[in-house]
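Working notes, beginning with the structure itself.
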Amino acid sequence: YTLGENRYAFSVSRNNPERFITFTASPFNWIDATIFYVDITGKEYGSGFNQSYKDKGFNLKISPFKLLDHNFAIGFNDMAGTGLFRSEYLAFSRSFYNFNYTFGIGWGAYNNGIAFNNPLIKINKSFETRPKDFTGRGGKFETDNYFSGSDASVFFAAGYKITQNTVLEFELDPT
């Protein structure tokens, strides 16, 4: 699901090895755009600097229509970054009362879970290969790599809204 029209969200996640700060805005009820900054404590910055690796990027999720009473979404994470977190996904979501769930398939960084052969390879063999390493300092849209790789993975999430500002979530996250 999207945040809803004219909404925004800010989150901080302090895990090991990644520490994220994200800001998400939803100008319309069918689109969410996120800017993120991450500190990766287990990776050196390089170039003689004595600090951990830093990365930044942006994500985009579009929910253009409903199908069988579910919202359909297509998403791109780290879509023009270094590729460390680059992933794409197709998802279906539904909300009712205080409960919501999402299930879908993902590529790239989302391909570390319950994997199966990438179905898009049957359409075109160019979907079969995907670079494993990140590229340079980012800032380029590498559309040739979107939805590619020999495998894809399943993901699932469910949430229950306890109060207006509190949601309890469970997920099978392939990252």
Screening ASN71, ASN77, ASN50 for residues that are more than 16 Å from PHE28 (Cα to Cα) and open to solvent by 40 Å² or more (accessible area, probe 1.4 Å) leaves only ASN50
ARG86: passes all of (1) modelled with pLDDT of 90 or more; (2) surrounded by 14 or more Cβ atoms within 10 Å (Cβ to Cβ); (3) of a type in the set (D, E, K, R) but (1)
Contact list, first residue from region 15-32 and over 11 Å from ASN59 (Cβ atoms), second anywhere and at pLDDT below 90 and among the acidic types (Asp, Glu), beta-carbon distance below 6 Å, six or more apart or interchain, is ARG19/ASP39; PHE28/GLU5; ASN29/GLU5
The one condition GLU142 fails out of (1) surrounded by 14 or more Cβ atoms within 10 Å (Cβ to Cβ); (2) modelled with pLDDT of 80 or more; (3) under 18 Å from ASN59 (Cβ atoms) is (2)
Looking across region 109-124 at residues that are part of a strand (DSSP E or B) and modelled with pLDDT of 90 or more, the single one that is least open to solvent (accessible area, probe 1.4 Å) is PHE116
Across (1) open to solvent by 40 Å² or more (accessible area, probe 1.4 Å); (2) in contact (Cβ under 8 Å) with a residue 40 or more places away in the chain; (3) within 12 Å of the chain's Cα centre (by Cα), PHE58 clears everything bar (2)
Q: Please work out if ASN59 is touching a strand residue (DSSP E or B) at 6+ places or on another chain (Cβ under 7 Å) and at pLDDT below 90.
A: no
Of the residues in region 63-76 that are touching a Lys or Arg at 6+ places or on another chain (Cβ under 9 Å) and touching a residue at least 40 places away in the same chain (Cβ under 8 Å), the one that is nearest to TYR101 (Cα to Cα) is ASN71
In region 1-41, residues that are open to solvent by 60 Å² or more (accessible area, probe 1.4 Å) and within 16 Å of PHE72 (Cα to Cα) total 5
Condition set at pLDDT 90 or above and surrounded by 13 or more Cβ atoms within 10 Å (Cβ to Cβ), scope region 158-175, selection nearest to PRO119 (Cα to Cα): answer is ALA158
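The values are calculated or read from the model by the stated rules, or taken from the named source; none is laboratory data. Here the structure is a predicted model, which is why all the values come from computation and not from measurement. Positions of Cβ are generated from backbone atoms using ideal geometry, with glycine treated the same way; all protein chains shown enter the neighbour counts. Side chains included, ligands, DNA and RNA excluded: accessible areas come from the protein's heavy atoms. Shrake-Rupley method; radii C 1.70, N 1.55, O 1.52, S 1.80 Å.
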